[in-house]
Amino acid sequence: MRSQALITDMNQPLGRAVGNAVEVRECIELLRGEFDEGARPVLDLSIELAARMVVLSHLESSVEKARARIQQVHTSGAALECFQKNVAAQGGDPRVCDDPAGVLPLTDKVFKVESARSGFVRRINTEEVGHAIAEAGGGRVRVEDQIDPAVGFVSEVKIGDEVRPSDMIGSVYCADLNRGQVAAARIQAAYEIGDQSPELLLLIKEVIDG
């Protein structure tokens, strides 16, 4: 049986969202065709993975034909309809596909993450971003921890973007004041701002055939 693995860039959040509800909302917005350009890598990688699975399943003869097929399924709304059926089949609320913000609300306490200086976003410590959100309640630090799906981070910038002092890097959503402030400070420190524009990285670094 043939298999493939894609080695992808993990030097920044794939889309804009980090956290439970914010990531699900981002994916539904992508399926609906209503999304910010910062989320496009999520769609691009999803299409690429799906296309390669189609080829490996012998349903198309080339990745190019498979990509076109997947893109048509996306733009027609068929992918969103399938997702909605899957949500309902697993006991979820299918209304989430029509009103993701209403079904998956975020906390109204928002902590701004601002750039401390002028320059270019050169590097993002994604591990630190993930830990910051987890410790704010958006993930498990210990096995017994309860996850708050409303906790998350939404990024406004990507590697290579130019920023000025006080420009928004993103927003932390957290109901707990202290945890939210700590997470925002940690994420601010995780974004390295430098004078030189960095070399932009490929989303897909390598394809491994097995």
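The table below lists the values:
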quantity: Test: residue in region 2-14 that is on the phi < 0 side of the Ramachandran plot, part of a helix (DSSP H, G or I) and not assigned by TED's automatic domain parsing to the domain that holds Glu128; calculated: no
quantity: Residue match in region 145-167 (condition: at pLDDT below 95 and over 20 Å from the mean Cα position of the chain (by Cα)); calculated: yes
quantity: Qualifying residues in region 66-117 (those that are of a type in the set (S, T, N, Q) and in a helix (DSSP H, G or I)) - the one farthest from Val54 (Cα to Cα); calculated: Gln84
quantity: Number of the exception - Gly160 against (1) touching a Leu at 6+ places or on another chain (Cβ under 7 Å); (2) crowded, with 16+ Cβ neighbours inside 10 Å; (3) part of a loop (DSSP other than H, G, I, E, B); calculated: (2)
quantity: Residue list for region 173-210, filter: over 16 Å from Ile124 (Cα atoms), touching a helix residue (DSSP H, G or I) at 6+ places or on another chain (Cβ under 9 Å) and of a type outside the set (Ser, Thr, Tyr); calculated: Cys174, Ala175, Asp176, Arg179, Gly180, Val182, Ile204, Val207
quantity: Residue list for region 180-194, restricted to those being touching a residue at least 40 places away in the same chain (Cβ under 8 Å) and either touching a strand residue (DSSP E or B) at 6+ places or on another chain (Cβ under 9 Å) or farther than 19 Å from Gly130 by Cα (or both); calculated: Gly180, Gln181, Ala183, Ala184, Ile187, Gln188, Ala190, Tyr191, Glu192, Ile193, Gly194
quantity: Meets criteria (loosely packed, with under 14 Cβ neighbours inside 10 Å, farther than 19 Å from Leu14 by Cα and in contact (Cβ under 8 Å) with a residue 40 or more places away in the chain) for Ser197; calculated: no
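The values are calculated or read from the model by the stated rules, or taken from the named source; none is laboratory data. Only a predicted model underlies this, so the values are computations on that prediction, with no experimental measurement involved. Cβ: placed from backbone, ideal geometry, glycine included. Neighbour counts: every protein chain shown.
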